Amino acid sequence: MELMTLDKDFMPTGKTKLKYFDLVWDRKYYESGQFSVQVMASDYSADMAYIYTNDRPELGVVQCVEYSDEGHMVSISGYFYEKKLADKIIYPALSRYGTRASYVALAVSTYKSDIPRLVVAEYEDSGEKVQKQETGATLEETAHSILKVDEKAYRCRYDLEKDVMMFEIYQGKDRTQDQTENNFVTFSRGFRNLKNVSAKDDSSNYKNYFVVGGSGEGTERIYEIVDLSGGGYQQQLFLDCSYEIYDPDNQTLDEYKNILHQKGLEKAQSYVDIHNIEFDTFVNCGAQYLVDYDLGDKCDIVIEELRKSYQARIIEILETWSSGKHTVTLTFGDKIPTLYEKVRMH
């Protein structure tokens with residue numbers, strides 16, 4: 001993968017093509033990705049602010065530079081540009097009735113402030129419409145949590161020629177055998193396109209019935225039920241959303257309860273029945289990466305050892321280049337929470 005470096009004004013620095021030794025390009029769907037690259041000290045320049053490639057949609061933001069006398073190497077690392085949204089919060093409050101995508105686009109347009117070059121792309125305001133209200137959360141947190149309900153994500157794609165950073169809301173393609181619009185992609189031992197498999201099914205943190213508590217005290221408190229059990233066994237949890245204030249002068253009770261309902265749906269994403277599959281694939285064997293499938297796509301996975309098959313989205317693509325070898329590791333399904341994250345949820 002060819003890299004070039006840009007300064008803080010998005011102008012090329014030094015050589016057009018950056019010579020590197022080891023590169024890690026960690027792309028993620030429901031959160032911000034990151035990168036690291038090692039170069040010779042002689043190829044490093046202090047004005048390097050961004051790592052750009054025309055081969056991937058991400059733009060790396062230089063946040064950490066480390067030097068070692070051993071080998072005279074410089075390690076450059078940071079997050080992708082999507083992380084810039086973590087620098088901005090929704091304040092004052094933003095309330096809107098519309099699709100989740102339209103809410104996120106409006107929030108970014110309204111509160112992006114001085115994020116360089118960022119322009120919100122056009123989108124179709126179609127789909128389920130909801131009442132949504134937010135105050136104080138970062139744009140990053142808001143965008144990821146809201147869009148994940150619809151299995152969507154966002155990215156910031158830099159156009160070098162036009163010198164513009166496009167904020168895009170998108171959804172990976174369905175490449176399972178349950179559809180006919182796109183090519184099928186299946187990963188299995190039989191297709192010889194996976195190795196070093198790690199699979200995990202974990203229902204220990206799963207909940208499917210949420211009582212969302214809003215404004216008020218005692219018998220006057222407002223509650224909303226989010227039932228995702230489908231009529232089956234209920235695994236219940238109380239969610240305290242008392243910080244969402246009911247304002248009867250500016251909203252109806254139904255509008256307020258709709259806001260609580262959306263909060264419940266977003267919180268529910270942290271209590272899923274986890275199915276996580278990770279493995280290395282072969283870049284040009286069978287289905288080709290970036291041609292037949294990409295980040296966010298939903299594919300079929302067969303794990304013969306477990307006698308199980310899955311349909312899941314690619315939530316992470318970890319690419320590494322080292323000693324001339326390109327390795328691609330795919331992660332499907334759900335992010336596995338750490339013990340700390342599980343405790344914090346409760």
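Every number in this text was worked out from the coordinates using simple rules, so none of it is lab data. Predicted model only: the values in this text are computed from it and were never measured. Backbone-built Cβ (ideal geometry, glycine too); neighbour counts: all protein chains shown.
For the reader, a short list of remarks on this structure follows.
- Summary of the geometry: the range 275-295 and the range 1-64, compared by the centres of their Cα atoms, lie 23 Å apart.
- Pairwise label distance in nanometres, VAL119 with TYR206, each label 7 Å out on the Cα-Cβ vector: 4.6
- Spatially proximal aspartates and glutamates relative to LYS17 (Cα-Cα < 15 Å; intrachain offsets below 8 disregarded): GLU2, ASP7, ASP43, ASP55
- The range 184-224 versus the range 102-125: alpha-carbon centroid distance in Å: 28
- Average Cα contact separation per residue, the range 178-226, under 8 Å, 6 or more apart, as relative contact order %: 21
- Lys/Arg +1, Asp/Glu -1 at C-beta; the chain dipole; positive extreme among GLN131, PHE10, PHE332: PHE332
- D (Stokes-Einstein, µm²/s), Kirkwood Cα radius, the chain, 1.002 mPa s at 20 °C: 96
- Cα-Cα separations in the range 160-201 greater than 17 Å, expressed as whole percent: 63
- Considering every alpha-carbon pair of the range 64-125, the percent of pairs per 5 Å bin, from zero through the bin containing the longest distance, is 3, 13, 19, 17, 13, 8, 7, 7, 5, 4, 2, 1.
- The ellipsoid equivalent to the alpha-carbon distribution of the range 202-335 has semi-axes of 42, 18, 12 angstrom, derived from the gyration tensor eigenvalues as √(5λ) and listed largest first.
- Cross-link partners of LYS19 among lysines (Cα-Cα below 22 Å; sequence separation of 8 or more within a chain): LYS8, LYS325
- Shown in residue order for the range 296-308 are the 3J(HN,Hα) couplings computed by the Karplus curve 6.51 cos²θ - 1.76 cosθ + 1.60 at θ = phi - 60°: x, 6, 9, 10, 8, 10, 10, 10, 4, 4, 8, 6, 9 Hz (x for Gly and Pro).
- For the chain, share of DSSP beta bridges that run antiparallel, in % to the nearest 5: 85
- Between 0 and 90°, nearest 10: helix 100-111 axis offset from the chain longest Cα axis: 70
- Fraction of the pair-distance distribution of the range 52-173 above 25 Å, Cα-Cα pairs, percent: 30
- Relative contact order (percent, whole number), the chain, Cα cutoff 8 Å, 6+ residue spacing: 16
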